[in-house]
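Coordinate-derived values only; no laboratory data. Just so we're clear, the structure is a prediction, and the values are computed from it rather than from any experiment. Don't worry about glycine lacking a Cβ; one is built from the backbone with ideal geometry, like all the others, and counts go over all protein chains shown.
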Amino acid sequence: MNDVILFNFRVILPKIKKTNFVLENPYFNYSKLKLFMPHIAIISASIRPDRKSHRIALYFEKYLADNKLATTEILDLREYNFPLFDETLKNQKKPDPKTLEYAKKIDLAHGVIIVTPEYNGGMPASLKNAIDVLYDEWRHKPTGIVTVSGGPFAGNQCLVSLQFTLWKMKVWTITEMFSVPNVGETYSEEGVPKDKEAANKLAQVFVKELMWCVKADASSNS
Ligand SMILES: Cc1cc2nc3c(=O)[nH]c(=O)nc-3n(C[C@H](O)[C@H](O)[C@H](O)COP(=O)(O)O)c2cc1C
């Protein structure tokens, strides 16, 4: 792909002007100049009928859209209603179209945000199932982890095991965290935070780090 990607016009443009790369390079093809709006897949991991962590998936969907930072799609594991996979996708003889669609969405996303509740100190089985069914699609995928709990500890205990699993699969997990305690009281069903300012401040740092990794990945051309 020879296209020149301007990831964030406002950030990159001054650098380009400075070096005069675009203006002075005789080989530069203006028709290939594209603005790059990243696409982020948001995995909502809880499949419970009365789930609360989905509120945070809705919050990020709106936050990224409102701030024009990315296009998004929520990959809702409750909607996918996957079976317990008995084989990875590439070894399945007759893969379900739903699983193929999910794999493609992970593969094509520039980055992923995983919104997960903590169940008994770990990630829910629905999430492990949805991670383990893929492999190549995850490789080097810039990924942010959001942990959620109904109590005061914000699901932090599932972070390390989830990170380890993703690390084994060569996922590029970002170092910033977004942890939500007392989700039932702090976010509405529509994903509106009670303390919007505090939530947005935390999201800004988290998303900035994710976008840095997306940008680095996009320009690495690998
Ligand atoms: C099977 C199960 C195990 C849970 N284990 C924990 C836990 O270890 N720590 C915790 O803070 N909350 C735990 N919770 C409560 C969740 O934090 C709570 O349900 C919260 O709303 C997020 O999960 P949800 O999106 O499924 O609603 C557990 C809930 C379930 C259903």
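Annotations
- Put simply, of N81, N120 the only residue that is at positive phi, surrounded by fewer than 21 Cβ atoms within 10 Å (Cβ to Cβ) and without any contact (Cβ under 8 Å) to a residue 12 or more places away in the chain is N120.
- Scan of the range 60-78 for residues that are surrounded by fewer than 17 Cβ atoms within 10 Å (Cβ to Cβ), part of a helix (DSSP H, G or I) and free of Cβ contacts under 8 Å to residues at least 60 places away in the same chain, ordered by number: A65, D66, R78
Yes/no matrix, rows are residues, columns are (1) in a helix (DSSP H, G or I); (2) away from the ligand (no atom under 16 Å from the Cβ); (3) surrounded by 19 or more Cβ atoms within 10 Å (Cβ to Cβ); (4) without any contact (Cβ under 8 Å) to a residue 12 or more places away in the chain:
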| residue | (1), (2), (3), (4) |
| --- | --- |
| A130 | yes, no, yes, no |
| V146 | no, no, yes, no |
| Q157 | yes, no, no, no |
| G184 | yes, no, no, no |
| A199 | yes, yes, yes, no |
| V207 | yes, yes, yes, no |
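- Counted residues, the range 166-182 - those being surrounded by fewer than 16 Cβ atoms within 10 Å (Cβ to Cβ) and more than 16 Å from the chain's Cα centre (by Cα): 1
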